[in-house]
Every structure is written in C-alpha cells, then in structure tokens.
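Have a look at the structure below, then the notes.
Every number here is computed from the coordinates shown, using simple stated rules; none is lab data. Keep in mind that what you see is a predicted model, and the values were worked out from it rather than measured. Reconstructed Cβ throughout: ideal geometry from the backbone, glycine too, with neighbour counts over all protein chains shown.
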Amino acid sequence: MSDSMALSIRDPHANSLRRKVSGQVFGELIRKARVADGRTIEEIAPLAGLTVPEWEEIEAGQVPDTWEHVCLIANALGLSRSWMASVVHLCVEAWEN
C-alpha cells in the first residue's frame with residue numbers, strides 16, 4: 001500500500017468526507033426512487049416505519065442506522081433486493097467510519 005493511501009485511510013477528515021458523500025449519494029438515490037414511485041414523503045414514510053422528518057433526513061444524506069431500515073425503505077418503495085444489494089456499499093461505508 002502506498003504511503004499516501006495508508007495516510008488517507010487513517011485520516012479522520014477523509015473518513016468523514018467518505019461518510020458524508022456516501023450519505024448524500026444514498027439520499028439522492030432514495031429521493032429519485034420516491035419521485036419515480038410517484039408518492040410524497042408523507043405517503044411513503046409511514047410505510048417504512050419512519051416519520052416525515054426522518055425520511056427527509058435520509059434524503060438529505062443521513063444514512064439509516066441499520067440494514068433493516070434500508071430494507072424497510074426499499075420495500076416501501078417497491079425496490080428489488082438487487083437494488084438494495086447495489087446500494088448497501090454506500091451504507092457500509094458510512095457505518096464503518
């Protein structure tokens with residue numbers, strides 16, 4: 001591993017930035033899926049066991065706390081398991097840092 005790569009792995013600022021970007025990308029994917037679904041946040045949030053403010057936080061970049069939350073959101077939006085698997089790396093990135 002190069003010295004610069006090893007430094008970036010240990011750099012708390014780099015970890016914070018990766019966590020933030022992962023959250024923003026995840027939130028944007030959720031927002032786009034909701035818009036494509038055609039339902040408002042008020043309609044979809046309760047189906048995922050979330051309040052409207054909690055859903056808004058996720059769309060704004062707050063990654064859900066657990067894999068179960070991701071599953072609830074995907075199920076509420078009618079998204080496939082393959083979709084969930086494709087975005088889980090974003091959540092893992094945020095959860096690990």
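Values as computed for the structure displayed
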read-out: Under the Karplus curve 6.51 cos²θ - 1.76 cosθ + 1.60, θ = phi - 60°, whole-Hz ³J(HN,Hα) for the range 16-23, x wherever Gly or Pro sits; value: 5, 5, 4, 4, 5, 5, 4, x
read-out: Sites Arg18 and Arg81 - FRET efficiency at Förster radius 25 Å, r taken between beta-carbons, to 0.05; value: 0.50
